[in-house]
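Trainee: A single structure is presented below for examination.
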Amino acid sequence: MSEANAGKALTVQVEGSSFARIPIRTRVVMPGDDLDAFVREYAAEVVRSGDLLFVTEKIVAITQGRSYLVEDIQPRKLAFFLSKYVTRTPYGIGLGMPETMEMALRECGTIRILFAAAVSAVTKLFGRKGDFYRIAGDRARAIDGPTSGTIPPYNKAVVLGPERPREVAQRLKALLNGVPEVAVVDINDLGGNVLGSTVDKAEEKRLVAILKDNPLGQGHQSTPMGIIRAV
């Protein structure tokens with residue numbers, strides 16, 4: 001069994017059961033790479049019956065051509081204005097820079113982002129948080145901005161969420177002869193969610209609990225996939 005990433009536990013207990021979260025170390029995925037070939041190369045020999053293979057949304061999006069260099073994004077004035085009011089965290093820049101906000105405006109539509117921002121501004125006055133992303137939706141939440149801890153060249157890029165993640169999960173399961181279940185996940189040090197999978201909603205909820213502490217890490221680990229295995 002592989003070792004856990006630094007600072008992370010290999011096993012975790014959820015709902016009275018123990019699960020291993022086994023990171024799969026790979027080379028850096030690049031635009032133009034074929035996701036199926038990439039997954040086959042690194043996962044086909046290590047998955048077993050009963051496993052669940054979880055794949056980060058970032059490598060799915062990159063192979064779909066949804067990664068953009070910051071220098072190639074020209075934010076509009078509205079993006080500069082709105083990004084000033086986004087709370088930045090130590091775990092990621094989110095929409096707190098004009099370039100990521102610009103991509104949110106393109107992905108989600110200007111009206112939806114403006115409505116989300118307006119509602120959020122009001123509810124924050126009453127101590128309520130999270131309304132912006134609840135209204136803006138998964139497409140806004142999944143946008144990754146550049147950070148110093150990100151593997152190059154993505155430390156200078158904005159990566160959007162993946163297209164059709166549920167279809168991707170189903171395709172990868174078929175690719176691996178149906179041996180593991182598959183989930184495309186958006187997990188970071190603040191939490192996460194399942195964007196698409198081959199399991200039901202109850203199992204997706206348990207999956208989020210199993211991955212709550214972000215076992216793949218947030219920086220240079222080069223482990224964009226992992227296996228969940230009952231132990």
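Trainee: Among the residues of the range 209-225, count how many are within 25 Å of Y154 (Cα to Cα) and either of a type in the set (A, V, I, L, M) or modelled with pLDDT of 95 or more (or both).
Mentor: 3
Trainee: What single numbered condition from (1) touching a Leu at 6+ places or on another chain (Cβ under 9 Å); (2) over 24 Å from A20 (Cα atoms) fails to hold for L125?
Mentor: Tallying (1) touching a Leu at 6+ places or on another chain (Cβ under 9 Å); (2) over 24 Å from A20 (Cα atoms), L125 fails exactly one: (1).
Trainee: Which of the residues belonging to the range 141-163 are under 20 Å from N214 (Cβ atoms) and assigned to a helix (DSSP H, G or I)?
Mentor: R141, Y154, N155
Trainee: Only one of (1) touching a strand residue (DSSP E or B) at 6+ places or on another chain (Cβ under 7 Å); (2) assigned to a loop (DSSP other than H, G, I, E, B) fails for N177. Which number is that?
Mentor: For N177, the failing item is (1).
Trainee: Any idea which residue in the range 107-123 is modelled with the lowest pLDDT, counting only those that are β-branched (V, I, T) and out of contact with any helix residue (DSSP H, G or I) (no Cβ under 6 Å at 6 or more places or on another chain)?
Mentor: Taking the candidates together, the pick is V122.
Trainee: A further question follows. Going through R171, R166 one at a time, which residue ends up being touching a residue at least 40 places away in the same chain (Cβ under 8 Å), open to solvent by 30 Å² or more (accessible area, probe 1.4 Å) and assigned to a helix (DSSP H, G or I)?
Mentor: Testing whether each residue is touching a residue at least 40 places away in the same chain (Cβ under 8 Å), open to solvent by 30 Å² or more (accessible area, probe 1.4 Å) and assigned to a helix (DSSP H, G or I) leaves just R171.
Trainee: Given the condition more than 21 Å from P165 (Cβ to Cβ) and either modelled with pLDDT of 90 or more or basic (K, R) (or both), answer yes or no: does some residue in the range 87-94 qualify?
Mentor: There is at least one residue in the range 87-94 that is more than 21 Å from P165 (Cβ to Cβ) and either modelled with pLDDT of 90 or more or basic (K, R) (or both).
Trainee: Report every pair of residues separated by at least 6 positions or lying on different chains whose Cβ atoms are under 6 Å apart, first residue within the range 139-152 and closer than 22 Å to T26 by Cβ, second assigned to a loop (DSSP other than H, G, I, E, B).
Mentor: A142/G161; G149/G219; I151/V28; I151/H220
Trainee: Still on this structure: Do you know which residues across the range 29-66 are acidic (D, E), in a helix (DSSP H, G or I) and open to solvent by 30 Å² or more (accessible area, probe 1.4 Å)?
Mentor: Passing the criteria: D36, E41.
Trainee: Now a separate question. Can you tell me which residue is least open to solvent (accessible area, probe 1.4 Å) among those in the range 177-195 that are modelled with pLDDT of 95 or more and not β-branched (V, I, T)?
Mentor: A183
Trainee: Scanning for something open to solvent by less than 30 Å² (accessible area, probe 1.4 Å), in contact (Cβ under 8 Å) with a residue 12 or more places away in the chain and within 15 Å of P224 (Cα to Cα), does the range 4-21 turn up at least one residue?
Mentor: Checking the range 4-21: at least one residue is open to solvent by less than 30 Å² (accessible area, probe 1.4 Å), in contact (Cβ under 8 Å) with a residue 12 or more places away in the chain and within 15 Å of P224 (Cα to Cα).
Listed here are the residues, each with its yes/no results for (1) modelled with pLDDT under 95; (2) open to solvent by 10 Å² or more (accessible area, probe 1.4 Å); (3) among the aromatic types (F, W, Y).
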{"site": "Y68", "(1), (2), (3)": "no, yes, yes"}
{"site": "A79", "(1), (2), (3)": "no, no, no"}
{"site": "L105", "(1), (2), (3)": "no, no, no"}
{"site": "L125", "(1), (2), (3)": "yes, yes, no"}
{"site": "I135", "(1), (2), (3)": "yes, yes, no"}
{"site": "T147", "(1), (2), (3)": "yes, yes, no"}
{"site": "Y154", "(1), (2), (3)": "yes, yes, yes"}
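The values are calculated or read from the model by the stated rules, or taken from the named source; none is laboratory data. Since the model is a prediction, treat every value here as computed from it, not as a measurement. Cβ coordinates were reconstructed from backbone atoms using ideal geometry, including for glycine residues, and neighbour counts include every protein chain displayed. Just the protein is used for accessible areas: all its heavy atoms, side chains included, with ligands, DNA and RNA removed. Shrake-Rupley method; radii C 1.70, N 1.55, O 1.52, S 1.80 Å.
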